[in-house]
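These notes concern the structure reproduced below.
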Amino acid sequence: MDKKAKEISRRLAAWYHKAKRDLPWRNTSDPYSILVSEVMLQQTTVSVVEPYYLRFLGAFPDVSALARAHEEDVLRLWSGLGYYRRARLLHAAAKSIVAQHDGRVPDNVTTLRGLPGVGRYTAGAVASFGYGKAAPIVEANSARVLTRLHAYRGALKGSKTKQALWDFAEELLPSDNAREHNYALMELGSLICVPVKPLCESCPIAFACAAHVNNLTDSIPPASPKPAKISVHFAGVVTERDGRYLVRRIPEGEWHHGLYEFPKITISAKTSCKKAREMLGDLVHLYGSCIDPAPCMSIKYTVTHHRVTLQVWRAYVKTADVVCDYPDILSWVSAEKLRKLPFGSAQKKIVKLITGRLDSLNTES
DNA sequence: GAGACGTGGTC
DNA sequence: TGACCAAGTCT
């Protein structure tokens, strides 16, 4: 570590000491809690993660509790966070830690990387935040800081750039105090060295920043091209019979597998409203006969490169003879049970509407 | 190495 | 309102 790197790290640490946010996962050095927070924070913002993190640790306070849990309960606590594979991999990691590491989260990068869902970043984060090991980290925030610091022009996604960034991170890392140093680098990227209009006048390391000195912060790092979005439409039915609701467990191989949903159809751009009603009629007919399904709500949301519209229809089934083609994945559940099943974000809103309506009815009576 | 994988917040 | 962004990993 040369003299300049030392000075950068020193100023960074001093700034962090004054500017850091108070976040729940920074008040612990429990490696398991750190691991949970790091997985949740992958591609997800701090404000969204906070309540999920607290609930998750409340339900699974240690590795063995998570290892013992049913996958459905793990998914339910993840419901709404997205990237559900993370939840399954974290669950698998907990099982692996119990089975192969004597229940103790590994303390070195190499062993950590052997865990499901733990890549180079997360391994470095757990080693440095949880154990104070001198392990470098590179993620979106620190990557931005490092490319600007060195006025490195390569595209962020490129493999050459990635290697360069890990080299930069390693060079800058002090032999002691890696934990605070890594937090500081990320916090700087998060609060000061932001993607658009970075606050260089408030930056403690602007003096050493090649992009700042050369007025290149607008073009470094270069914007990465995004895939075009396409539209997808779904129509689903909420089918109720004697206070129970028909739900489908999404099977392996489908989007959101492992979660639950209300039976739905996919509508192409060319599907007319009339045709959609017919298809829904067929869908509902599978489960019995229905009384005039009518749309009751529409939810729009965006998924990576899809623009998704979900229309929800409500149907009332009047016969007790229900045809079930897939009895293993279709079931009638009470509103109470509905609350305890994992749903994706849009469908979770529907559950909330149903249970919320029932709650208000109960309160009135 | 490109593409898949979710969602909510921000400007 | 829409485009962009966020503590990545896996295939």
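Quick look at the numbers
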item	result
Long pairs among A:Lys264/A:Lys337; A:Lys3/A:Lys226; A:Lys18/A:Lys95; A:Lys95/A:Lys340, criterion Cα-Cα beyond 32 Å	A:Lys3/A:Lys226; A:Lys18/A:Lys95
Cα-projected label distance for A:Ala228 with A:Ala335, points at 7 Å along beta-carbon direction, nm	4.6 nm
From the C-alpha gyration tensor of the stretch A:113-198, square roots of 5λ in Å	20, 15, 12
Prolate/oblate/rounded call for the stretch A:1-83, Cα gyration tensor, a/c under 1.5 rounded	prolate
Overall form of the stretch A:39-107 per C-alpha gyration tensor (a/c, 1.5; a/b vs b/c)	prolate
Global form of the stretch A:10-140, assessed from the alpha-carbon gyration tensor, a/c cut-off 1.5	oblate
Local electrostatic count at A:Ser219 - Lys and Arg +1, Asp and Glu -1, tallied over other residues with Cβ under 14 Å	+3
14 Å beta-carbon shell around A:Ala151, net charge (K/R +1, D/E -1)	+2
Chymotrypsin sites (Phe, Trp or Tyr not before Pro) lying in DSSP loop within the stretch A:39-97, provided at most 15 other Cβ fall within 10 Å	A:Tyr83
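Rule-based calculations on the coordinates, nothing more; no lab input. On a predicted model such as this, the values are computed, not experimentally measured, just so you know. Ideal geometry is used to build each Cβ from the backbone, glycine not excepted, and the neighbour counts take in all protein chains shown.
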